[in-house]
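Okay, structure first, notes after.
Every read-out reported here was derived from the displayed coordinates using simple, explicitly stated rules and does not represent laboratory data. The structure presented is a predicted model; accordingly, all values stated were derived computationally and were not measured. Heads up, the Cβs are rebuilt from the backbone with ideal geometry, glycines too, and the neighbour counts pull from every protein chain shown.
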Amino acid sequence: SYSFYGLGRPILSVATNQRYEGAGQLLGGDPPEQDTLLVLERTRDVSGSITFPVSKWRYNLALTLSGGLVWEHRELWTTALRESANYSLTRPTGRLSNARVTLNFNSSRTHALQMGTARGVNLFLQGGVKSEMQLPDSLKAVEGMDRSLGEVVGRVRGAIPLWGGGYAAHVLALQASGGIASGTGAGPFQYRLGGASGQLEQLTGLELFGGGFLLFPVRGYPPGSRFGRLAWSATAEYRFPLWFINRGFRVWPLHADRMIGSLFFDAGNAWGPDLSASGFQNALREPLASLGAEITTEMLGLYRARIRLRLGLALPLVGGGDAVGYVRVGLPF
């Protein structure tokens, strides 16, 4: 991606991207001996955007208008993770136009020795439309053929300082996310719920601990525990200071700065479509929920790389299951 700030306002940007992801499963052949097929989707896109930022003393506001083209290619793979030689999709490729409007509002801020946001609100809201191009009229609005869709996603984060005690203030951190998609291209895997969000580890270059951004996290459940074209999640987290370490480890290039603890409650759900081309309803079920605790230690590695190493334990409250431990880099939000 590239952004041009030479005009001051607005900001002009261009970007290109390629990603691979699973797009569900299909059954091939006649019952009772049917083959399970995995759908692998490759997406390439090129986009341009114009951003109108407004910066004030107490908040930042930005409105972004963007548009571009998306090329999609889908393949069928066997459960042995090889491309299928016996099955193929009727329309494996597609080209779509993509238009989006994004609003960002941020009044959040932190204080000295605080880890994470201390007070304020961060709001993200985005609406978008994807339209299939070069599609015959007879296939428009046909389930499984027309990948056009419209969606709205949003996320709000906030932090409320509670009281002192220790080297930093105690904070109540809140987060809520929601998404809704409609159209024949909005399938049951539009949104995925579950997992613990994090960041890629940068110190070793190996990107350890498997962290990544999740729009709908629910700790204690695997990613994709619920899925659908409608989704929501919410988190309440109490953060408190534990230990101001401020020590190195002999001559090793690693310095431990400080440590915080947190107690959290997560909840969320995902469902839909009500009826797909295959007859899979994916009906609304009981929301998932979990509670747990985390310890986050901020360190400095190789004199320059800041790492927030997070150890967590989450207990699922719905569907049974034992407590799940995990390691991530960075705060959950």
Handout entry: Only Lys, Arg (+1) and Asp, Glu (-1) charged, at Cβ; the chain dipole about Cα centre in debye
Key = 1600 debye
Exercise for the section: Can you list which of the GluC sites (Glu not before Pro) found in region 173-250 are DSSP loop residues with at most 14 other C-beta atoms within 10 Å? Expected result: 207
Fill in the blank from the handout: When 56, 130, 140 are arranged by how many other beta-carbons sit within 10 Å of their Cβ, fewest first, they go 56, 140, 130
Practice task
At 25 °C and 0.890 mPa s, grab the translational diffusion coefficient of the chain from Stokes-Einstein with a Kirkwood Rh over Cα pairs, rounded to a whole number in µm² per second.
Solution key: 109 µm²/s
Handout entry: Rg(Cα) / (2.2 N^0.38 Å) computed for region 150-333, rounded to two decimals
Key = 1.17
Exercise for the section: Report, by chain and number, residues whose modeled amide H sits under 5 Å from the one on residue 110, excluding near sequence neighbours (fewer than 5 apart, same chain). Expected result: 118
Problem - Selection from 186, 225, 213 lying farthest towards where the dipole of region 148-238 points positive, charges on Cβ - result: 186
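Test of the criteria: in region 1-77, which GluC sites (Glu not before Pro) are in a DSSP loop and have at most 12 other Cβ atoms within 10 angstrom of their Cβ? Provide the component values of the computation, followed by the final result.
Details: sites: 21, 33, 41, 72, 75; in loops: 33.
Counting only loop positions with at most 12 other Cβ atoms within 10 Å, the GluC sites (Glu not before Pro) in region 1-77 are 33.
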Practice task
Round to a whole angstrom and tell me the spacing of the C-alpha centers of region 72-91 and region 214-257.
Solution key: 36 Å
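Work through the residues other than residue 218 whose Cβ is under 15 Å from its Cβ and net out their charges, Lys, Arg +1 and Asp, Glu -1.
On the way: positive: 155, 192, 219, 226, 285, 328; negative: 237, 266, 286, 294.
Counting the neighbours of residue 218, the net charge comes to +2.
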Problem - Mean-position separation - Cα centroids, region 298-333 and region 161-208, in angstrom - result: 12 Å
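Please identify every one of the chymotrypsin sites (Phe, Trp or Tyr not before Pro) in region 235-325 that sits in a loop by DSSP and has no more than 13 other beta carbons within 10 Å of its own beta carbon. Intermediate results must be reported in sequence, preceding the final value.
Working: sites: 238, 243, 244, 249, 264, 265, 271, 280, 303; in loops: 280, 303.
Within region 235-325, the qualifying chymotrypsin sites (Phe, Trp or Tyr not before Pro) (loop, at most 13 other Cβ atoms within 10 Å) are 280, 303.
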Practice task
Compare the Cα positions of 78, 267, 133 along the charge dipole of the chain (+1 at Cβ of Lys, Arg; -1 at Cβ of Asp, Glu; about the Cα centre) and return the one farthest towards the positive end.
Solution key: 267
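Defining a contact as two alpha carbons under 8 Å apart and six or more residues distant in sequence, what relative contact order in percent does the chain show?
10 percent
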Completion exercise
Going residue by residue through region 30-41, the Karplus relation 6.51 cos²θ - 1.76 cosθ + 1.60 with θ = phi - 60° gives ³J(HN,Hα) values, rounded to whole Hz and with x marking Gly or Pro, of 9, x, x, 9, 9, 9, 8, 10, 9, 9, 9, 10
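Sequence gap at least 6, Cα distance under 8 Å: using those rules, report the relative contact order of region 150-333 to the nearest whole percent. Could the numbers behind the result be given before it?
Values: 510 pairs, mean separation 37.0, N = 184.
RCO, region 150-333: 20 percent.
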Handout entry: Two-decimal log10 I(q)/I(0) for region 283-327, as the Debye equation yields it once each C-alpha is a single scatterer, q = 0.13, 0.21 Å⁻¹
Key = -0.46, -0.74
Handout entry: Rg(Cα) / (2.2 N^0.38 Å) computed for region 37-148, rounded to two decimals
Key = 1.59
